[in-house]
Amino acid sequence: MGTEPRTKMTPKAKLTEEIAVSNLLGEGIQWRHEDQSLWWTDILAQKLYRYDLDGANVRTWDMPEPLGSFAFTSDPDVIVAAFASGFAMFGLRTCSTSWISRPTFLPGEGRFNDGRADRQGRFWSGTMMADPEGIDPAVGRLFRLDLDGQVSVHETNINISNGLCWSPDSSNLYFADSLKGEIYRYAFDAKSGNCRQRTVFAEAPTGGSPDGAAVDAYGNLWSAQWGLGEIHVYTKEGELTGAITVPASQPTCVAFGGDNMDMLFVSSAKDGLSDIELAKQPSAGNVFVYKTNTKGMPENRFMGSMAVLQEE
């Protein structure tokens, strides 16, 4: 299967497995094809998760800070992390943290949140406001971590950074502000890593907020809709072609994987739900596995040089 666009499809997905982890704020889910493993973070519990599909085994690591997002590296025992306060490498065997950069936050800027590596090996992550539903101006920013360890800012005035992903040919970057309910599309220069010409790609319906997202091999964008219990699927032109229902009202992120890259993995959260709401949705906070009628793309790696890092 190639990555060329095809005729608009109606998304289909069948729930095949539910991983009962009851996360407070499960996020950043990713598939590592080499060892057929699924990874995600529970931000509020400060834990990193790994799940092996074959053995149905769950393993966790305690994090030094809330882990907003991460990416795999060329070393299977090291990830690049956007912790609450900044960028670092985390050694899975040694549980050691090597800090790269802790940017000075703006007044009202809270912590790092959603992030992902681009196909050129850079790592991106955005921040969110300390009180995103308050009256203060939006001060969240989108950061880029380059291969040499340099950090730069590429978007400002964000409430809650989310939904980072790229079109199959890397000509477009997608990024969402969850509180505004908007998904943006940028023209992306893959060589320089710069983005420009922001347009509103899609808007969430009433009651929903766009959270984590992924693009399939045909350029369709699959967006977790916090509050709606759905995954919305958009064509590359931004047309909504359908929705997948999730057995939890707060799906947080999606990723493609499996042997044929036709499985969809969805993380979720139970944080903020009342006892009555939790009783109605006992699956809240779990991870859901679907078989779909499309295929995804392999997860990108952070390709930064270890030589630029200094272990704490």
Problem set entry | Failed criterion for Ile43 (all others in (1) within 25 Å of Val266 (Cα to Cα); (2) open to solvent by 60 Å² or more (accessible area, probe 1.4 Å) hold) | (2)
For this session: Report whether or not Tyr186 is of a type outside the set (Asp, Glu), closer than 18 Å to Lys8 by Cβ and either outside any strand (DSSP E or B) or over 16 Å from the mean Cα position of the chain (by Cα) (or both).
Result: no
Exercise. How many of the residues making up region 247-285 are part of a loop (DSSP other than H, G, I, E, B) and either among the charged types (D, E, K, R) or open to solvent by less than 10 Å² (accessible area, probe 1.4 Å) (or both)?
Worked result: 8
Seminar exercise, completed: Listed by range, strands (runs of 3 or more DSSP E) wholly within region 1-95 having at least 3 residues that are closer than 23 Å to Pro168 by Cα are 26-32, 37-42, 67-73
Problem set entry | Checking Thr206 against (1) modelled with pLDDT under 95; (2) open to solvent by less than 10 Å² (accessible area, probe 1.4 Å); (3) of a type outside the set (Phe, Trp, Tyr), the condition it does not meet | (2)
Problem set entry | All positions within region 216-231 that are open to solvent by 10 Å² or more (accessible area, probe 1.4 Å) and part of a strand (DSSP E or B) | Trp226, Glu230
Problem set entry | Subset of region 46-60 [surrounded by 16 or more Cβ atoms within 10 Å (Cβ to Cβ) and without any contact (Cβ under 8 Å) to a residue 24 or more places away in the chain] | Gln46, Lys47, Arg50
For this session: Filter region 1-40 for residues that are closer than 22 Å to Ser223 by Cα, open to solvent by 60 Å² or more (accessible area, probe 1.4 Å), more than 18 Å from the chain's Cα centre (by Cα) and modelled with pLDDT under 95 and give the result.
Result: Thr3, Glu4, Pro5, Arg6, Thr7, Lys8, Thr10, Lys12
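Could you tell me which of the residues Arg119, Arg141 is touching a residue at least 24 places away in the same chain (Cβ under 8 Å), on the phi < 0 side of the Ramachandran plot and part of a strand (DSSP E or B)?
Within the list Arg119, Arg141, the selection yields Arg141.
The values are calculated or read from the model by the stated rules, or taken from the named source; none is laboratory data. Here the structure is a predicted model, which means the values were calculated and not measured. Every residue, glycine as well, gets a Cβ built from its backbone with ideal geometry; the counts of neighbours run over all protein chains shown. Surface areas here come from the heavy atoms of the whole protein model, side chains and all, with no ligands, DNA or RNA. Shrake-Rupley method; radii C 1.70, N 1.55, O 1.52, S 1.80 Å.
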